[in-house]
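Peer 1: A single structure is presented below for examination.
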Amino acid sequence: MIVLLGVVVVILGFVTRRNPVLVVGVAGIVTGLLGKMNPLEVLAAFGRSFADSRSVTVYAIVLPVIGLLERYGLREQARNLIGRLGKLSAGRFLTVYLLVRQVTAAFGLNSIGGPAQTVRPLVAPMAEAAAERSTGAKLPGRLREKVRSYSASADTVGVFFGEDCFIAIGSILLITGFVNSTYHQEIEPTQLALWAIPLAVCAFVIHGARLLLMDKQLEREMAVAAAEHDLPLPEGADK
Amino acid sequence: MIKVEWLYWLIGLVFVVMAVQMAGDRSNPKRWTSAAFWGLLGLTFPYGTGVAGATAGNGGWTLPAEPLGVAVLTLIVLAGFNFLGKGVPVTTTGAQREASAARLGNKIFVPALTIPLVAIVCASVLDESGLFESGKATLLGLGLGCVAALVVGMLITGEKKVTVPLHSGRSMLEAMGSALLLPQLLAVLGSIFAAAGVGDQVGRIVNDVLPEDSKYLAVIAYCVGMFLFTVIMGNAFAAFPVMTAAIGWPILIQQMHGNEPAVLAIGMLAGFAGTLCTPMAANFNIVPATLLELKDQYGPIKAQLPTGIALLGCCTVIMALFAF
């Protein structure tokens with residue numbers, strides 16, 4: 001029972017908004033010691049699992065490339081490009097991205113996108129440009145944050161609820177590995193991937209609808225902001 | 001054969017080089033401690049090769065794990081007590097960027113698209129070729145894609161100095177700060193929880209509380225349990241063995257004869273719905289907020305929370321209706 005105090009440390013830490021790195025460090029030490037490890041074993045556990053989880057930090061290798069391209073106007077060009085693409089609103093654009101991300105992840109291509117690879121340099125600037133074009137004015141800071149947050153969400157929801165339809169993905173292999181070895185079963189990855197399809201459809205319908213609703217919210221809030229601060233209204237709106 | 005450890009050494013080297021740049025950056029008020037943090041993080045990558053080798057027991061080069069543990073705690077102290085600072089970014093002005101966007105046009109997308117393209121080719125076509133360490137083709141593809149994209153990017157932009165992308169990348173690193181370390185630390189916490197028996201305890205409590213012979217309650221307990229435990233752990237993979245051993249297998253499958261693939265696949269996805277809603281899944285929720293320079297680091301979570309809760313509902317309903 002007492003090892004559950006580690007979970008309590010995590011929850012309290014996040015609720016009281018302490019520095020997350022510190023929270024995780026303290027929770028790890030507390031849990032290790034309560035779980036009857038001696039201090040040297042706790043150190044070794046930290047070291048061993050840190051070495052084993054190096055793959056989650058690999059995305060840092062993307063930063064120099066994206067940094068270089070941003071220096072040469074990648075985000076600006078992403079905005080220009082979307083500015084020329086017809087009637088695409090931010091919500092519609094992000095719904096298309098959500099679908100593309102789900103379908104490509106379902107074919108195992110889940111490193112095709114990501115917050116560092118695609119969202120920061122391409123998706124978020126494009127969504128902002130689309131929002132500014134369809135509402136006809138510059139986005140105030142708060143709405144800009146909203147569009148960026150929804151851009152990140154389209155990427156994350158897409159990859160989560162697409163990748164499980166693919167059989168060689170970590171989560172599917174974890175399920176078969178765990179169940180087949182623990183309970184001596186012979187479950188095939190394809191059977192699991194089949195059951196991920198209905199939820200992939202639900203995810204697209206639900207999150208897609210919310211992305212489209214975001215357009216309506218943006219329009220409404222822009223209208224309010226324009227009324228309050230005398231921002232330039234969309235063309236023809238005040239005649 | 002290309003080994004994944006080589007990619008880790010490359011990342012370690014990038015961090016060390018950036019740390020050296022930071023040490024010389026007088027615009028950063030905390031340049032020495034910042035340099036110490038990123039340099040030490042860089043060194044953990046090659047050192048980790050020896051530690052991972054010792055865990056795998058494959059006869060390669062081995063090193064003790066305890067010194068790495070000390071290094072990790074040092075990183076936690078440096079990041080946790082705000083010893084990380086940032087300098088003035090070395091970059092171009094808005095006007096310069098507009099001008100270069102106009103000059104390069106859509107060619108500037110080529111390097112950005114090189115990364116996923118190379119990753120796809122490596123993960124699909126070259127996966128079976130024996131060129132890559134087995135099971136690591138996707139990860140290595142991402143690494144190779146970045147190296148290729150850097151070369152293509154320098155050719156297209158006409159940039160000749162390799163220090164320029166490193167400075168730009170360093171500015172992004174400084175902007176992200178300790179958020180970059182958080183995913184790896186959470187993975188560490190997950191394995192310490194597992195080693196200390198946190199999962200077994202949760203399973204025992206759930207078994208005590210759940211009434212017998214109630215299919216719908218058991219389905220709800222499994223799906224909601226996966227969701228909540230993932231919210232706490234930040235990772236559905238950590239929650240899955242715990243909740244499956246506690247409810248999914250003994251109750252839903254053995255007692256109530258649920259369809260095995262349906263119960264297990266949907267249970268995992270209920271965990272994914274939880275991942276959408278938690279700061280503990282830092283790499284999916286906090287890292288994007290810092291990368292996108294949001295003031296509210298919970299912005300992406302707020303955008304995902306209603307979807308996550310709705311999907312938890314879908315998981316529960318679909319499992320209750322179709323898995324029995």
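The values are calculated or read from the model by the stated rules, or taken from the named source; none is laboratory data. On a predicted model such as this, the values are computed, not experimentally measured, just so you know. Glycine gets a Cβ as well: all are built from the backbone with ideal geometry, and neighbour counts include every protein chain shown. We work out accessible area using only protein heavy atoms, side chains counted, and drop any ligands, DNA or RNA first. Shrake-Rupley method; radii C 1.70, N 1.55, O 1.52, S 1.80 Å.
Peer 1: Any chance segment A:5-12 includes a residue that's more than 19 Å from B:Gly197 (Cβ to Cβ) and assigned to a helix (DSSP H, G or I)?
Peer 2: Residues of segment A:5-12 that are more than 19 Å from B:Gly197 (Cβ to Cβ), as a first pass: A:12.
Subsequent filtering for residues that are assigned to a helix (DSSP H, G or I) retains A:12.
Yes, because at least one residue in segment A:5-12 is more than 19 Å from B:Gly197 (Cβ to Cβ) and assigned to a helix (DSSP H, G or I).
Peer 1: Another question, then. Being over 26 Å from A:Glu41 (Cα atoms), within 10 Å of chain A (Cβ to nearest Cβ) and within 27 Å of the chain's Cα centre (by Cα) narrows it down to one of B:Val188, B:Val164, B:Val224, so name that one.
Peer 2: On the way: B:Val188 fails: over 26 Å from A:Glu41 (Cα atoms); B:Val224 fails: within 10 Å of chain A (Cβ to nearest Cβ).
On inspection, the qualifying residue turns out to be B:Val164.
Peer 1: Could you give me the residue pairs with C-beta distances under 6 Å whose first residue belongs to segment B:11-27 and is among the aromatic types (Phe, Trp, Tyr), whose second residue is part of a helix (DSSP H, G or I) and modelled with pLDDT of 95 or more wherever it lies, and which are 6+ apart or on separate chains?
Peer 2: Taking only residues 6 or more apart or on different chains, the pairs are B:Phe15/B:Trp38; B:Phe15/B:Leu41; B:Phe15/B:Gly42.
Peer 1: Within segment A:23-43, how many residues turn out to be part of a helix (DSSP H, G or I) and open to solvent by less than 40 Å² (accessible area, probe 1.4 Å)? Give the steps one after another, and end with the answer.
Peer 2: From segment A:23-43, those part of a helix (DSSP H, G or I) are A:23-34, A:39-43; that's our starting set.
Then keep just the ones that are open to solvent by less than 40 Å² (accessible area, probe 1.4 Å); that gives A:23-25, A:27-28, A:31-32, A:42-43.
Summing the residues that are part of a helix (DSSP H, G or I) and open to solvent by less than 40 Å² (accessible area, probe 1.4 Å) in segment A:23-43 gives 9.
Peer 1: Need the failing condition index for B:Leu264 against (1) more than 20 Å from A:Gln117 (Cα to Cα); (2) in contact with a Leu (Cβ under 7 Å, 6 or more places away or on another chain); (3) in contact (Cβ under 8 Å) with a residue 40 or more places away in the chain, just the number.
Peer 2: (3)
Peer 1: A follow-up question, please. Just checking: which of the helices (runs of 4 or more DSSP H) contained wholly in segment A:113-183 hold 2 or more residues that are more than 10 Å from chain B (Cβ to nearest Cβ) and open to solvent by less than 10 Å² (accessible area, probe 1.4 Å)?
Peer 2: Numbers: elements: A:124-135, A:141-163, A:170-182.
Per the criteria, A:124-135, A:141-163.
Peer 1: Further, regarding this structure: If a residue must be closer than 18 Å to B:Val162 by Cα and in contact with a Phe, Trp or Tyr (Cβ under 7 Å, 6 or more places away or on another chain), how many such residues does segment B:14-41 contain?
Peer 2: Taking segment B:14-41 as the starting set, the residues that turn out to be closer than 18 Å to B:Val162 by Cα are B:14-22, B:24-25.
Next, from what is left, pick out any that are in contact with a Phe, Trp or Tyr (Cβ under 7 Å, 6 or more places away or on another chain): B:15, B:18-19, B:22.
Counting residues in segment B:14-41 that are closer than 18 Å to B:Val162 by Cα and in contact with a Phe, Trp or Tyr (Cβ under 7 Å, 6 or more places away or on another chain) gives 4.
Peer 1: Mind listing just one residue for me: the one in segment B:18-63 that is within 15 Å of B:Pro89 (Cα to Cα), part of a helix (DSSP H, G or I) and not basic (Lys, Arg) and, of those, farthest from the chain's Cα centre (by Cα)?
Peer 2: Among them, the one singled out is B:Ala23.
Peer 1: Something else: Given the conditions (1) closer than 26 Å to A:Gly25 by Cα; (2) part of a helix (DSSP H, G or I); (3) more than 8 Å from every other protein chain (Cβ to nearest Cβ); (4) open to solvent by 70 Å² or more (accessible area, probe 1.4 Å), and given that B:Val70 satisfies all but one, which numbered condition is not satisfied?
Peer 2: (3)
Peer 1: If you go through segment B:191-220, how many residues are modelled with pLDDT of 85 or more and within 28 Å of the chain's Cα centre (by Cα)?
Peer 2: So the answer is 1.
Peer 1: Being surrounded by fewer than 21 Cβ atoms within 10 Å (Cβ to Cβ), under 28 Å from A:Pro121 (Cα atoms) and not polar (S, T, N, Q): is that true of B:Pro250 here? Walk me through it before giving the result.
Peer 2: Numbers: surrounded by fewer than 21 Cβ atoms within 10 Å (Cβ to Cβ): yes; under 28 Å from A:Pro121 (Cα atoms): no; not polar (S, T, N, Q): yes.
It is false that B:Pro250 is surrounded by fewer than 21 Cβ atoms within 10 Å (Cβ to Cβ), under 28 Å from A:Pro121 (Cα atoms) and not polar (S, T, N, Q).
Peer 1: Identify, please: which residue in segment B:227-236 is aliphatic (A, V, I, L, M) and at pLDDT 90 or above and is, among those, nearest to the chain's Cα centre (by Cα)? Spell out how you get there, then give the answer.
Peer 2: Kept after step one, since they are aliphatic (A, V, I, L, M), are these residues of segment B:227-236: B:228, B:231-233, B:236.
Pick out the ones that are also at pLDDT 90 or above and you get B:228, B:231.
Numbers: B:Leu228: 20, B:Val231: 15 Å.
Ranking the candidates gives B:Val231 first.
Peer 1: Is there a residue in segment A:81-95 that is within 7 Å of chain B (Cβ to nearest Cβ) and either closer than 30 Å to B:Thr92 by Cα or not polar (S, T, N, Q) (or both)? Full working, then the answer.
Peer 2: At the first step, the residues of segment A:81-95 found to be within 7 Å of chain B (Cβ to nearest Cβ) are A:81.
Now drop any that are not either closer than 30 Å to B:Thr92 by Cα or not polar (S, T, N, Q) (or both), which leaves A:81.
Yes - at least one qualifying residue is present in segment A:81-95.
Peer 1: Which condition number does B:Val17 fail, the rest of (1) surrounded by fewer than 18 Cβ atoms within 10 Å (Cβ to Cβ); (2) among the hydrophobic types (A, V, I, L, M, F, W, C); (3) more than 23 Å from B:Thr138 (Cα to Cα) being met?
Peer 2: Failed condition: (1).
Peer 1: Taking segment A:81-93, which residues are closer than 26 Å to B:Gly153 by Cβ and open to solvent by less than 60 Å² (accessible area, probe 1.4 Å)? If you could, list the steps in order and put the result at the bottom.
Peer 2: Going through segment A:81-93, the residues closer than 26 Å to B:Gly153 by Cβ turn out to be A:81-85, A:93.
Within segment A:81-93, A:Leu81, A:Ile82, A:Gly83, A:Phe93 qualify.
Peer 1: Which residues, counting only those in segment A:65-75, are modelled with pLDDT of 85 or more, open to solvent by 10 Å² or more (accessible area, probe 1.4 Å) and either more than 7 Å from every other protein chain (Cβ to nearest Cβ) or outside any loop (DSSP other than H, G, I, E, B) (or both)?
Peer 2: Matches in segment A:65-75: A:Glu70, A:Arg71.
Peer 1: Also, quick follow-up: Please go through segment B:267-324 and give me each residue that is among the hydrophobic types (A, V, I, L, M, F, W, C), open to solvent by 30 Å² or more (accessible area, probe 1.4 Å) and under 20 Å from A:Arg18 (Cβ atoms), ordered by number.
Peer 2: None - no residue of segment B:267-324 is among the hydrophobic types (A, V, I, L, M, F, W, C), open to solvent by 30 Å² or more (accessible area, probe 1.4 Å) and under 20 Å from A:Arg18 (Cβ atoms), so the list stays empty.
Peer 1: Of the numbered conditions (1) more than 30 Å from B:Glu159 (Cβ to Cβ); (2) open to solvent by 30 Å² or more (accessible area, probe 1.4 Å), A:Phe46 satisfies every one except a single condition; which is it?
Peer 2: (2)
Peer 1: Which count do you get for residues in segment A:201-219 that are of a type in the set (A, V, I, L, M) and surrounded by 22 or more Cβ atoms within 10 Å (Cβ to Cβ)?
Peer 2: Within segment A:201-219, the first condition is being of a type in the set (A, V, I, L, M), and the residues that meet it are A:201, A:203, A:205-206, A:209, A:211-214, A:218.
From what's left, surrounded by 22 or more Cβ atoms within 10 Å (Cβ to Cβ): A:203, A:211, A:214, A:218.
So the count comes out to 4.
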